[in-house]
Amino acid sequence: MHDVLYENARLYPMDPSVHPVPEGSFAVTDGRFSAVGETVPARRRFDLEGNLVLPGLVDCHTHLV
């Protein structure tokens with residue numbers, strides 16, 4: 001059983017060889033992706049209503065003051 005299932009999302013992966021998924025779903029368990037592209041049993045479900053999901057681009061660095 002997954003913690004959360006997000007459905008009806010436009011998924012755009014960072015890998016250019018993988019095509020975007022116009023109506024996909026993904027599951028999260030313990031704060032990590034546990035399933036992508038399939039509907040799986042989950043404790044909670046959210047309909048993203050076609051909203052776009054992109055990978056987070058995090059730039060973790062500091063500058064000398």
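Descriptive notes on the structure:
- Among the GluC sites (Glu not before Pro) within the chain, those in coil by DSSP and having at most 14 neighbouring Cβ atoms inside 10 Å are Glu38, Glu49.
- Using the 1.4 Å probe convention, the accessible area of the chain works out to 81 Å² per residue with neighbouring protein chains retained.
- Here the chain was treated as a single set of alpha-carbon atoms; its pair distances binned every 10 Å from 0 give 21, 44, 23, 9, 4 percent.
- Summed side-chain charge close to Arg44 - residues other than Arg44 whose Cβ falls under 13 Å, Lys, Arg +1, Asp, Glu -1: -1
- Share of carbon and sulfur in the accessible heavy-atom surface of the chain [1.4 Å probe, %]: 56 percent
- Mean separation of Cα pairs under 8 Å and 6 or more residues apart, divided by the residue count, gives the chain a relative contact order of 42 percent.
The values are calculated or read from the model by the stated rules, or taken from the named source; none is laboratory data. Not measured: the values here are computed from a predicted model. In this analysis, Cβ positions are derived from the backbone assuming ideal geometry, glycine residues included, and neighbour counts consider all displayed protein chains. For accessibility, only protein heavy atoms count, side chains too; no ligands or nucleic acids. Shrake-Rupley method; radii C 1.70, N 1.55, O 1.52, S 1.80 Å.
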